[in-house]
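Engineer: Here it is, the structure, as structure tokens.
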Amino acid sequence: MAESPDRGARRLPGGKPKYSIFSLLRNARSYHQNWQRAWRSPEPKKSYDAIIIGGGGHGLATAYYLAAVHRMTNIAVVEKGWLGGGNTGRNTTIIRSNYMWDESAAIYDHALKLWEGLTQDLNFNLMFSQRGVLTIAHSWHELREMSRRVHAIRLNGIDSDVLNPDQIKKLVPMINIDPSIRYPVMGGFLQRRGGTARHDAVAWGYARAADDLGVDIIQNCEVTGLRRKGNRIEGVETTKGFIKAPKVGCVVAGHCSVLGAMADVRLPIASRPLQALVSEPIKPELDTVIMSNAVHMYISQSDKGEMVLGAGVDKYNSYAQRGSFPVPEHMIAAAVEIFPILSRLRMLRHWGGIVDTCPDASPIISKTDVKGLYFNCGWGTGGFKATPGSGHVFADLIAHDRPNKIAAPYALDRFQTGLLIDEHGAAGVAH
Amino acid sequence: MLLIDCPHCGPRDETEFSCGGEAHIARPLAENSITDAEFAEYLFWRDNPKGVFLERWCHDAGCRRWFNAARDTVSHAFLEIYPMGSLPKTDAGKAAYAGSWRRKTASEAAAKPSSAKGGKA
């Protein structure tokens, strides 16, 4: 299994000044009007040692680990909107590492181990809650395949247990285990170490800690071009002018093909909308996360009390940040039958994000043909859970210009060699 | 919900259709003489433009026939629907076809009938 050398409380620098019970009390006296800024808003310098394009969770994590682990502090994160305003703020916040293939187990469990110490590392409450992730099966075939997958996952040292319908009913009293429904609950498997975290806090926590180490975080600054000199990257053209850098890391999810085209780098990516919605808030009812492969549904309850539901990916390419209605409609129809109490809830918000789907449903963490230009993309529908691990190994790749053991299988050349990491279906959810 | 104008059946709901992804990807005939990297262009590399995209659709729950479409991936508007085996005729469609990086790839060059002579049987 992957080691996590940089895991552990307060071993990494960054994230000052500390938040504590004392600062909370002190600031309460001034009605919380005088809290310090969590990060600066600097104007871009003329050049940096490295630029990260994309101020979402993965990009900010990359910048943080570049500064904290590799001591590269003369770096910048360039974001066209606001921090975490893309898929980081649009996902359903589920964290798990129960993937079947060894390469996936390595990276997702590396991420999960980092999650477990991250609130302390960043001195920022990520509201990380290991409430368990239960994936349910709706047919005998799915159940058998699930058992096979559970064995593979356990061989990689990742916790996973198969549950029968009665055990599931005990864990989730609101579930309907009547065998006559359209998607009957025939069993499931549970990763108890899985759970949720507050997605905005992840972006803010990384941004604050990276800023403290000297990283310039430049918001409202769109990259309009990637300047190449021959086979080398020279820097990025932005709406705030040209910024020079010998190393540029692109972490822009749905827009990676657009960015790649600026430097004539081609990717096997299709950008699709992925939709989610929340209900009106209710009292605590669901204290775990439930996913269904066959329906392509995820459900959990937020700390505010909203039921958070995620649907499947749309079937056609789009950059519109909205999806088509039949996709959530299909998911809700099944969800209401499996969880009858949902039928009485009203939907509060519904949104979409553009995800970068890859042919083998695994990410791309890779060098490119352009020296100094790196891509971290292709996370598709499941990138949030990997945020710390993705940033950690991508920072390592950028710092050393060679992938480490965890990142190596995710190089772009796998689409030439055929060494795909085929997580379609095997991933525990149909991508 | 998109209303898609099937060339055979007329306007129908999008739930009746499936999208087959990028159109005009020709299989290299000279597959023995091109490199793995060039074959990957055909097999895995995909055009993914923000704007006009040429793609294939199938009217699954209707006539079950395939057709091509030029669609804007930002507005979702269908700009042109044209038969399989033909090229787009509108200006937007023509520009999208000519502007695609795929036109310059080795895998597309190897898909031309004349290139087949280069391949070994």
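Engineer: For region B:31-94, list the strands (runs of 3 or more DSSP E) that sit wholly inside it and hold at least 1 residues that are surrounded by 15 or more Cβ atoms within 10 Å (Cβ to Cβ) and without any contact (Cβ under 8 Å) to a residue 24 or more places away in the chain; which are they?
Structural biologist: B:66-72, B:78-82
Engineer: Six or more apart or on different chains, Cβ atoms under 8 Å: show the pairs whose first residue is in region B:1-12 and within 13 Å of chain A (Cβ to nearest Cβ) and whose second is open to solvent by 80 Å² or more (accessible area, probe 1.4 Å) and part of a loop (DSSP other than H, G, I, E, B).
Structural biologist: Filtered contacts from region B:1-12: B:1/A:325.
Engineer: Okay, next question. With A:153, A:168 as the choices, which residue is open to solvent by less than 10 Å² (accessible area, probe 1.4 Å), in contact with a Leu (Cβ under 8 Å, 6 or more places away or on another chain) and β-branched (Val, Ile, Thr)?
Structural biologist: A:168
Residue-by-condition table, conditions (1) touching a Leu at 6+ places or on another chain (Cβ under 8 Å); (2) within 25 Å of residue A:308 (Cα to Cα); (3) free of Cβ contacts under 8 Å to residues at least 12 places away in the same chain:
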site: A:49; (1), (2), (3): no, no, no
site: A:65; (1), (2), (3): no, no, no
site: A:93; (1), (2), (3): no, yes, no
site: A:109; (1), (2), (3): no, yes, no
site: A:113; (1), (2), (3): no, yes, no
site: A:126; (1), (2), (3): yes, yes, no
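Engineer: Considering only region A:320-344, how many residues are in contact with a strand residue (DSSP E or B) (Cβ under 6 Å, 6 or more places away or on another chain) and either closer than 26 Å to residue A:359 by Cα or open to solvent by 20 Å² or more (accessible area, probe 1.4 Å) (or both)?
Structural biologist: Final tally of qualifying residues: 6.
Engineer: Counting only residues that are assigned to a helix (DSSP H, G or I) and at the interface with another protein chain (Cβ under 10 Å from one of its Cβ atoms), how many does region A:227-273 have?
Structural biologist: Of the residues in region A:227-273, 7 are assigned to a helix (DSSP H, G or I) and at the interface with another protein chain (Cβ under 10 Å from one of its Cβ atoms).
Engineer: Right, here's the next one. Can you tell me which of (1) away from chain A (no Cβ under 14 Å); (2) without any contact (Cβ under 8 Å) to a residue 40 or more places away in the chain; (3) open to solvent by 20 Å² or more (accessible area, probe 1.4 Å); (4) under 14 Å from the mean Cα position of the chain (by Cα) is the one residue B:97 doesn't meet?
Structural biologist: (2)
Engineer: To continue, here is another question. Can you report the number of residues in region B:14-30 which are open to solvent by 40 Å² or more (accessible area, probe 1.4 Å) and within 8 Å of chain A (Cβ to nearest Cβ)?
Structural biologist: So the count comes out to 1.
Engineer: Scan region A:199-235 for residues that are in contact (Cβ under 8 Å) with a residue 40 or more places away in the chain, among the acidic types (Asp, Glu) and touching a Phe, Trp or Tyr at 6+ places or on another chain (Cβ under 9 Å) and report the count.
Structural biologist: So the count comes out to 3.
Engineer: Assess whether residue A:372 counts as being at positive phi, modelled with pLDDT under 95 and surrounded by fewer than 24 Cβ atoms within 10 Å (Cβ to Cβ).
Structural biologist: The answer is no for residue A:372.
Engineer: Hey, can you tell me all the residues within region A:87-107 that are open to solvent by 10 Å² or more (accessible area, probe 1.4 Å), assigned to a helix (DSSP H, G or I) and out of contact with any Gly (no Cβ under 6 Å at 6 or more places or on another chain)?
Structural biologist: Correct list: A:89, A:102, A:103, A:106.
Engineer: Would you pick out the residues in region A:274-304 that are farther than 16 Å from residue A:384 by Cβ and in a strand (DSSP E or B)?
Structural biologist: Of everything in region A:274-304, those that are farther than 16 Å from residue A:384 by Cβ and in a strand (DSSP E or B) turn out to be A:277, A:279, A:280, A:281, A:290, A:292, A:297, A:301.
Engineer: Continuing with this model, one more query. Given the conditions (1) touching a Lys or Arg at 6+ places or on another chain (Cβ under 7 Å); (2) over 30 Å from residue A:282 (Cβ atoms), which single one is not true for residue A:207?
Structural biologist: (1)
The values are calculated or read from the model by the stated rules, or taken from the named source; none is laboratory data. Nothing here was measured: the structure is a model prediction, and the numbers come from that model. All Cβ positions, glycine included, derive from the backbone under ideal geometry; neighbour counts span all protein chains shown. What goes into the accessible areas is simple: the full protein's heavy atoms, side chains included, and nothing from ligands, DNA or RNA. Shrake-Rupley method; radii C 1.70, N 1.55, O 1.52, S 1.80 Å.
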